[in-house]
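Some notes on the structure that comes next.
The values are calculated or read from the model by the stated rules, or taken from the named source; none is laboratory data. Worth saying up front: this structure is predicted, and the values here are computed from it rather than measured. Neighbour counts are summed over all protein chains in view; Cβ atoms, including those assigned to glycine, are modelled from backbone coordinates with ideal geometry. SASA here: full protein model, heavy atoms, side chains in, ligands and nucleic acids out. Shrake-Rupley method; radii C 1.70, N 1.55, O 1.52, S 1.80 Å.
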Amino acid sequence: MMLCIAHRGARAERPENTIAAIELAIKQGADAIEIDVREHQGQLIIFHDEIVDRTTSSRGELSNFSFEQLRQLDAGNGQKIPILGEVILSIAQRVPLNIELKDNASAPLVLACIEDFVSKGWEYKDFIVSSFFHPLLQSLKQQQPQLAIGALSAGVMVDYAAFAQNLDAVSINLCSDSINQAIIDDAHQRGLKVFIYTVNDIREFEQFYQMGADGLFTDYPLKLKRWIELKSKQ
Ligand code: G3P
Ligand code: MG
């Protein structure tokens with residue numbers, strides 16, 4: 001059955017990319033959690049934008065804040081901006097974590113962080129690393145072949161999912177705006193999963209399910225899980 005991947009956590013009900021959003025998504029039965037990661041002064045912060053205005057109590061560019069200042073901001077409902085290690089500890093292997101790399105500098109730090117957790121009992125299958133920046137994924141895969149890679153794209157390529165196969169990815173993570181049956185079928189023929197973002201509408205749940213999507217990123221994990229449950233009983 002199609003997987004429910006919580007997009008930045010249960011983003012519709014809790015502040016995105018926070019521990020509260022992740023906890024609620026797991027409670028609601030999400031099959032996996034997606035978060036956005038950026039490098040900031042040597043630390044891995046969980047944050048989508050390059051400016052803080054939309055998701056915190058403050059204003060300005062990330063680069064104008066020290067790491068300590070960022071950690072003091074209110075990321076919504078009193079939540080703090082988490083770092084990657086905190087998220088991994090809080091999930092505690094209950095579901096896989098999709099770490100989306102938002103910048104170049106995060107890549108080596110994310111690999112080091114994952115390897116550190118693997119040395120402490122986590123498994124590579126607890127993680128999938130995705131990015132729109134494919135050279136980063138290629139480099140990570142070369143350094144650690146056991147790491148699962150998700151190739152993000154927001155367009156339709158001439159050779160469909162070939163780029164993801166060339167990266168030795170496990171999945172092609174596509175924008176819902178650029179989905180057609182040909183790219184889904186092509187990905188499946190190459191042995192790739194197809195995950196689609198960001199899907200919040202029941203009509204789209206049905207549409208992408210009928211097209212053969214393997215998973216949907218959603219801001220509403222409870223809504224999608226309920227829909228999947230009903231569908232599986234039909
Ligand atoms: O990983 C899927 C999705 O999160 C990619 O776009 O902008 O929501 O990070 P964005
Ligand atoms: Mg993302």
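One table, with the values for the structure above:
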quantity: Qualifying residue in segment 94-105 (condition: among the aliphatic types (A, V, I, L, M), in a helix (DSSP H, G or I) and at negative phi); calculated: no
quantity: Residue in segment 64-78 that is among the aliphatic types (A, V, I, L, M), within 16 Å of ligand 2 (Cβ to nearest atom), at pLDDT 95 or above and touching a strand residue (DSSP E or B) at 6+ places or on another chain (Cβ under 6 Å) present; calculated: no
quantity: Hits in segment 12-40 (condition: touching a helix residue (DSSP H, G or I) at 6+ places or on another chain (Cβ under 8 Å), charged (D, E, K, R) and either within 14 Å of ligand 2 (Cβ to nearest atom) or open to solvent by less than 30 Å² (accessible area, probe 1.4 Å) (or both)); calculated: ARG38
quantity: Residues within segment 127-167 that are more than 16 Å from ligand 2 (Cβ to nearest atom), open to solvent by 30 Å² or more (accessible area, probe 1.4 Å), touching a Lys or Arg at 6+ places or on another chain (Cβ under 9 Å) and under 17 Å from ILE99 (Cβ atoms), tallied; calculated: 1
quantity: Number of positions in segment 103-126 that are of a type outside the set (A, V, I, L, M, F, W, C) and open to solvent by less than 40 Å² (accessible area, probe 1.4 Å); calculated: 4
quantity: Condition met for GLY9 (open to solvent by less than 50 Å² (accessible area, probe 1.4 Å), in contact with a helix residue (DSSP H, G or I) (Cβ under 7 Å, 6 or more places away or on another chain) and within 14 Å of ligand 1 (Cβ to nearest atom)); calculated: yes
quantity: Residues of segment 207-234 that turn out to be touching a residue at least 24 places away in the same chain (Cβ under 8 Å), farther than 19 Å from ASN173 by Cβ and of a type outside the set (Lys, Arg), as a count; calculated: 3
quantity: When residues of segment 41-65 are limited to those that are surrounded by 21 or more Cβ atoms within 10 Å (Cβ to Cβ) and out of contact with any Asp or Glu (no Cβ under 7 Å at 6 or more places or on another chain), the one nearest to VAL110 (Cα to Cα); calculated: LEU44
quantity: Residue satisfying all of: in segment 184-233; under 24 Å from GLU23 (Cα atoms) and open to solvent by 70 Å² or more (accessible area, probe 1.4 Å); farthest from the chain's Cα centre (by Cα) among these; calculated: LEU230
quantity: Selection within segment 168-183 - open to solvent by 10 Å² or more (accessible area, probe 1.4 Å), small (Gly, Ala, Ser) and not in a helix (DSSP H, G or I); calculated: ALA169
quantity: Flag if ARG8 is in contact (Cβ under 8 Å) with a residue 40 or more places away in the chain, touching a His at 6+ places or on another chain (Cβ under 9 Å), at positive phi and within 14 Å of ligand 2 (Cβ to nearest atom); calculated: yes
quantity: Test: residue in segment 155-167 that is under 30 Å from PRO15 (Cα atoms) and within 14 Å of ligand 1 (Cβ to nearest atom); calculated: yes
quantity: Options SER139, SER57; residue that is farther than 25 Å from TYR197 by Cα and polar (S, T, N, Q); calculated: SER57
